[in-house]
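Notes for the one structure printed next.
The values are calculated or read from the model by the stated rules, or taken from the named source; none is laboratory data. The structure displayed is predicted, hence computed values, not measured ones. No Cβ is skipped: glycine too gets one built from the backbone with ideal geometry, and neighbour counts run over all protein chains shown. Accessible surface is based on the protein model in full, side chains and every heavy atom, while ligands, DNA and RNA are left aside. Shrake-Rupley method; radii C 1.70, N 1.55, O 1.52, S 1.80 Å.
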Amino acid sequence: MFRKVHVRLAFLCTGITSFILFVMSCCYLYISEAGLKSRSFTSFQNDMNTLVSNLEQQTIITHEWLTRIEDNGKYLINVVDNGVPFLYNERNTPEQKQLFEAAWKFYEHTFAVESVISAYDTWHMEYTFSSTGSKQEDHYACVTTSRRSTGTLQVMILCSMEPLLIQIRTQRLLFFLLDLLAFVALALFSWYFTRRILKPLEENQKRQNQFIASASHELRTPLAVILSCASASARAPKEKERIHFLESIQSEGLRMSRLIDDMLLLTRADSLSWTIQKEPVELDTLLLDTFETFEPAAAEQSIRLLIELPEDTVPAVRCDPQRIRQVLAILLHNALSYTPENGQIRLSLLYDEKTVKLLVADNGIGISDEEKPRIFERFYRSDQARSEKGHFGLGLCIASEIIHAHQGRILVSDTPGGGSTFTVILHRS
Ligand code: ADP
């Protein structure tokens with residue numbers, strides 16, 4: 001599913017950004033080409049102005065003058081005196097003659113009326129036209145007409161727009177290549193970044209799936225016991241046996257309920273919807289309360305539970321007392337579970353200017369270095385814990401979520417001489 005979303009997102013990002021880039025390139029090209037065309041036509045008009053004023057000063061149009069004006073082939077000239085083509089026109093190739101034919105036709109069709117009504121003795125007109133009849137104009141043309149005593153002299157000058165068209169085509173090709181390059185870069189960029197954006201979501205989804213799988217697995221065991229006890233109790237001939245099965249159903253039901261509570265708590269932590277109600281808490285009092293609560297259970301297991309508190313007053317810390325109590329209960333419950341008879345569990349509190357530390361140290365079975373990073377994972381249990389009922393592998397994970405919600409830390413280390421020490425670090429401010 002994520003692969004599909006990744007591909008779609010990458011396509012979408014590349015598509016949108018490339019489209020914007022393409023539109024912007026087109027706009028730029030349009031403006032730039034319009035500027036180029038206008039500058040080129042203005043330059044042609046300026047040349048023609050000079051040429052026409054030069055022509056006005058000529059009483060006789062000589063071949064030398066015309067050749068000079070052709071400017072090494074930059075311009076093509078066609079002269080018509082009283083409607084009769086000049087001999088000079090014969091120098092043109094058949095293609096050039098055809099070109100002039102088209103240009104004259106275009107001129108007569110478009111500007112002839114304006115020429116007739118002109119009030120000037122000499123006037124000229126510049127325009128662009130297409131020699132092939134297509135939409136793409138390919139020549140500049142200037143027709144200058146002078147009324148003389150001998151009649152009307154018309155000179156047509158043509159200039160190919162090829163250099164301008166080459167410049168435009170080169171610019172378009174350059175932009176196309178740049179856009180292509182940008183498209184490839186954008187595609188790679190989108191692919192990489194959408195992957196990065198989706199990675200945490202994918203990991204989260206994976207974690208959720210794992211969580212659901214583990215939760216279902218954990219729920220299946222008590223459920224199977226409940227179902228088999230229910231059918232056994234239905235078949236049980238004696239009242240005493242039936243009560244025994246019903247008690248089993250009740251205890252498994254309670255186990256399921258505890259597991260569901262833990263899972264709901266973690267789900268709320270994931271969706272950041274659990275509430276931490278902070279208030280100033282005297283942690284030494286809270287630790288003493290917890291100690292007193294767990295003392296009977298420790299005594300029952302023949303484990304020595306000790307508490308060490310600083311002699312001076314411990315400054316109050318802003319935290320949620322119920323949640324911190326829950327963390328201490330998880331740690332103490334674990335310590336009692338993994339410490340053998342005649343063992344010892346020590347509760348202590350340390351503080352400095354910035355932090356307050358709560359320590360639960362036991363001299364039990366200890367945690368290997370390989371296991372230490374894994375014990376805070378959901379549903380992680382050591383092999384030994386796996387065999388014991390009531391251990392779902394969620395306790396430390398819940399404790400860690402609570403402490404992180406307080407912006408604190410929870411660490412595990414070895415107790416000198418054997419066993420494990422859990423340290424909860426809370427910030428004083
Ligand atoms: P569980 O319900 O199995 O105790 P936890 O998340 O509280 O789940 O603990 C995860 C695992 O960490 C346990 O299965 C156990 O292997 C290990 N563990 C936790 N506390 C202790 C401890 N005090 N001593 C030794 N092992 C511990």
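Annotations
- Condition check for Ile410: at pLDDT 95 or above and more than 7 Å from the ligand (Cβ to nearest atom): yes
- Restricting segment 413-429 to residues that are of a type in the set (S, T, N, Q), touching a residue at least 24 places away in the same chain (Cβ under 8 Å) and within 13 Å of the ligand (Cβ to nearest atom), the residue that is nearest to Arg268 (Cα to Cα): Thr423
- Search result, residues across segment 205-243 that are surrounded by fewer than 13 Cβ atoms within 10 Å (Cβ to Cβ), under 43 Å from the mean Cα position of the chain (by Cα) and not hydroxyl-bearing (Ser, Thr, Tyr): Lys206, Gln208, Asn209, Ile212, Ala213, His217, Arg220
- Any hit, segment 76-91, residues being under 30 Å from Trp191 (Cα atoms) and not charged (D, E, K, R): no
- Hits in segment 244-274 - residues which are open to solvent by 80 Å² or more (accessible area, probe 1.4 Å) and either outside any loop (DSSP other than H, G, I, E, B) or at pLDDT 90 or above (or both): His244, Leu246, Glu247, Gln250, Leu254, Arg258, Asp261, Leu264, Arg268
- Entry remark, segment 164-183: residues being within 23 Å of the chain's Cα centre (by Cα) and open to solvent by 80 Å² or more (accessible area, probe 1.4 Å) number 3 in total.
- Index of the failed condition, Gly73 passing every other in (1) over 26 Å from Gln98 (Cα atoms); (2) small (Gly, Ala, Ser); (3) open to solvent by 50 Å² or more (accessible area, probe 1.4 Å): (1)
- All helices (runs of 4 or more DSSP H) inside segment 1-119 with 3 or more residues being farther than 26 Å from Thr132 by Cα: 2-57, 63-69
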